[in-house]
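Below: one structure, written as structure tokens.
The values are calculated or read from the model by the stated rules, or taken from the named source; none is laboratory data. From a predicted model like this one, the values you see are computed outputs, not experimental measurements. Glycine gets a Cβ as well: all are built from the backbone with ideal geometry, and neighbour counts include every protein chain shown.
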Amino acid sequence: MEIKGASHFIQDIIEKDLESGKHDTVITRFPPEPNGYLHIGHAKSICLNFGLAEKYGGRCHLRFDDTNPRKEDPEYVHSIMHDVEWLGFHWGDHLYYASDYFGEFYRYSLQLIKQGQAYVCSLSPDEIRSYRGTLTEPGINSPYRKRSVQENLELFQEMKKGSFKEGEYVLRARIDMASPNINMRDPVIYRIIHAWHHRTRDAWCIYPTYDYAHCLSDSIEGITHSLCSLEFQDHRPLYDWFLEQLGVSCHPQQIEFARLNLNFTVMSKRKLTQLVQSGHVSGWDDPRMPTISGLRRRGYTPESIRRFCDLIGVAKSDNVVDMSMLEYCIREDLNKRAPRYMGVINPLKVVITNYPQESSEELPAINNPEDEAMGTRNVPFSRVIYIEAEDFREDPPKKYFRLAPGREVRLRYAYFITCQEVVKDQETGRILELRCTYDPATRGGDSPDGRKVKGTLHWVSAGHAVRSGVRIYDRLFSRPNPIQDEKKGLALNDTLNPASLQEQQGCMMEPAVKGLKPGDILQFERLGYFCVDPESTPASPVFNRTVSLKDTWAKIEKKMQG
RNA sequence: UGGGGCGUCGCCAAGCGGUAAGGCAACGGGUUUUGGUCCCGUCAUUCGGAGGUUCGAAUCCUUCCGCCCCAGCCA
């Protein structure tokens with residue numbers, strides 16, 4: 001068995017359980033509530049749960065935790081299934097819904113009532129809250145706590161029949177109103193909700209709460225290790241209480257780990273929903289979103305996300321992982337896989353004055369220097385080309401070794417050219433075009449006399465260029481920890497990065513990009529990794545920049561500017 | 001200060017009584033027809049603080065400090 005991925009405390013627990021014979025297999029589950037799209041924090045959980053099951057030859061269930069019909073929607077179950085599959089994980093026959101167990105949950109609650117461990121409470125929500133006490137004061141017993149088993153049974157059945165309005169009655173576990181753990185102060189386990197459920201339709205009007213439903217779902221499915229995030233640590237005694245009182249044969253072990261936080265973004269479904277609904281982003285799959293669908297549209301690969309989840313590890317301390325870690329992972333993957341093209345985002349016209357008029361030629365270019373098997377392609381060259389505006393400076397600073405008046409540079413896979421003249425708009429002084437000469441002896445980019453050139457530029461032949469749109473993305477927020485800022489009183493809206501999306505029109509790409517389809521990944525040499533947006537059409541191609549290449553020059557320039 | 005957790009390099013994170021892994025970032029240098037990739041090197045005498053136990057402590061004990069979570073009929 002190949003053991004990959006760093007070891008961590010959960011793995012240690014599993015290995016001990018396997019060695020001791022407590023378990024002979026590992027059964028985990030990924031239990032999303034279908035009330036929103038999955039984000040990279042979920043990816044961490046997915047990789048953990050499915051990864052562990054895979055590693056130890058067990059299995060991982062996909063279970064929709066659909067116990068609150070008010071919030072859930074089939075749209076979300078579809079997107080979740082798609083995202084999990086896209087990440088490369090398989091649940092096989094093990095697709096479940098907590099709602100499949102509503103009948104069992106109900107029978108178990110009857111058992112609790114009969115055992116005197118659950119009662120129907122007629123307190124209003126407000127009253128329940130005030131009876132619960134506070135962090136430092138114990139709660140007070142509900143006056144309904146001592147209803148007879150018979151009365152409880154009858155009332156609960158009436159609840160189930162739909163005889164009551166929402167909020168009039170709840171079923172509560174009878175535990176300990178004085179417990180220092182607030183979760184143990186007679187928690188609500190069933191509430192009345194008159195709403196249409198996406199699966200059980202109108203079969204039920206009472207719905208179990210998370211604490212009650214989750215442990216039982218795990219138990220019913222024979223889960224061995226139930227992994228969840230840190231905020232559920234306080235719920236573990238409750239998880240164990242239900243399973244013990246009910247005497248079930250399978251009692252999974254709940255283990256908590258720290259959820260993922262990434263800087264310059266937010267990671268809660270609620271906040272993400274806000275961004276979508278407020279129109280600050282175009283949708284759940286906006287490439288700036290940390291959602292799986294957003295990352296996918298941004299050009300992230302499943303492999304890069306899994307690698308990322310591997311690298312960040314699993315522990316119990318609160319963490320905020322640096323975005324650069326994610327960017328490292330996608331660059332690492334795409335460097336090996338992305339075919340290279342040349343494209344110019346901000347075109348600057350260059351006329352090669354000594355190149356024959358009306359003539360052109362095809363020059364071979366390597367598709368991926370990291371993978372010879374990807375072969376070569378031909379790139380057309382002609383008298384008029386575009387280069388990146390940034391690659392020319394009339395008054396070049398120190399260490400700038402791109403094009404400047406009188407300077408010679410290499411056009412990648414083409415020729416050495418020398419800038420002879422800068423043509424400007426008479427009135428505005430704006431640079432309109434460059435007039436250069438080329439050295440025919442340097443065809444392909446090598447000089448027979450061995451003379452060196454410091455810069456190599458990408459370029460596109462004007463007459464052959466494919467006019468395209470490019471979307472450059474930046475971090476969604478301008479501050480590293482928007483949630484912490486929010487707690488200090490800074491509104492989320494005010495910490496959004498106003499320049500997180502920059503749309504460029506009139507970009508010029510080499511003709512070979514015509515062969516690309518929506519979703520395809522590529523590198524525009526010297527610019528970064530891109531993918532073809534789903535909205536892209538042959539008549540109007542659109543490229544999303546996934547991530548830039550590392551840019552040493554930008555760093556030098558920044559440093560020089562202080 | 002009721003309960004539950006967590007504090008090891010700027011960010012993740014190993015370490016489980018034998019003398020501080022690794023990755024990201026950063027910074028030097030080499031190679032290079034992508035200022036990319038790749039390669040090589042630097043980067044915690046110190047593990048939140050203070051005591052103590054021990055031949056020996058990030059690891060054990062005491063105490064203090066800081067941060068996170070919990071008072072939904074959300075999950």
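I'm checking my understanding of the structure. Among residues of region A:217-231 that are assigned to a helix (DSSP H, G or I) and surrounded by fewer than 19 Cβ atoms within 10 Å (Cβ to Cβ), which one is farthest from the chain's Cα centre (by Cα)? Explain how you work it out, then say what you get.
In the first step, residues of region A:217-231 are kept if they are assigned to a helix (DSSP H, G or I); the result is A:217-220, A:230-231.
Among the residues that remain, those that are also surrounded by fewer than 19 Cβ atoms within 10 Å (Cβ to Cβ) are: A:220, A:230-231.
Numbers: A:220: 31, A:230: 20, A:231: 21 Å.
Top of the filtered list is A:220.
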remark   = Residue hits (region A:182-216; near RNA strand B (Cβ under 8 Å from one of its atoms), part of a strand (DSSP E or B) and buried (at least 18 other Cβ atoms within 10 Å of the Cβ)) are A:191, A:192, A:207, A:208
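Can you tell me which residues in region A:243-267 are more than 10 Å from RNA strand B (Cβ to nearest atom) and in a loop (DSSP other than H, G, I, E, B)?
The initial filter retains those residues of region A:243-267 that are more than 10 Å from RNA strand B (Cβ to nearest atom), namely A:243-255, A:264-267.
Across region A:243-267, the qualifying residues are A:247, A:248, A:249, A:250, A:251, A:252, A:264, A:265, A:266, A:267.
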query = residue A:484 versus (1) surrounded by 20 or more Cβ atoms within 10 Å (Cβ to Cβ); (2) closer than 30 Å to residue A:283 by Cα: which is the lone unmet condition?
reply = (1)
key: Extreme residue, nearest to RNA strand B (Cβ to nearest atom), among residues of region A:312-357 that are more than 19 Å from residue A:528 (Cα to Cα) and basic (Lys, Arg)   = A:316
ask   = Only one of these conditions is not met by residue A:442: (1) away from RNA strand B (no atom under 13 Å from the Cβ); (2) over 13 Å from residue A:392 (Cα atoms). Which number is it?
value = (1)
query = Got at least one residue in region A:298-305 being in a strand (DSSP E or B), more than 14 Å from RNA strand B (Cβ to nearest atom) and either assigned by TED's automatic domain parsing to the domain that holds residue A:418 or touching a Ser or Thr at 6+ places or on another chain (Cβ under 6 Å) (or both)?
reply = no
request  = Select from region A:71-111 the residues that are surrounded by 20 or more Cβ atoms within 10 Å (Cβ to Cβ) and in a loop (DSSP other than H, G, I, E, B) and list them in ascending order.
outcome  = A:72, A:87, A:89
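Table: residues versus (1) assigned to a strand (DSSP E or B); (2) without any contact (Cβ under 8 Å) to a residue 40 or more places away in the chain; (3) out of contact with any Gly (no Cβ under 6 Å at 6 or more places or on another chain); (4) crowded, with 18+ Cβ neighbours inside 10 Å.
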| position | (1), (2), (3), (4) |
| --- | --- |
| A:398 | no, no, yes, no |
| A:401 | no, no, no, no |
| A:405 | no, yes, yes, no |
| A:428 | no, yes, yes, no |
| A:435 | yes, no, yes, no |
| A:444 | no, no, yes, no |
| A:452 | no, yes, yes, no |
| A:470 | yes, no, yes, yes |
task = Select, from A:70, A:63, the only residue that is in contact with a Pro (Cβ under 6 Å, 6 or more places away or on another chain), within 30 Å of residue A:190 (Cα to Cα), in contact (Cβ under 8 Å) with a residue 24 or more places away in the chain and among the basic types (Lys, Arg).
result = A:63
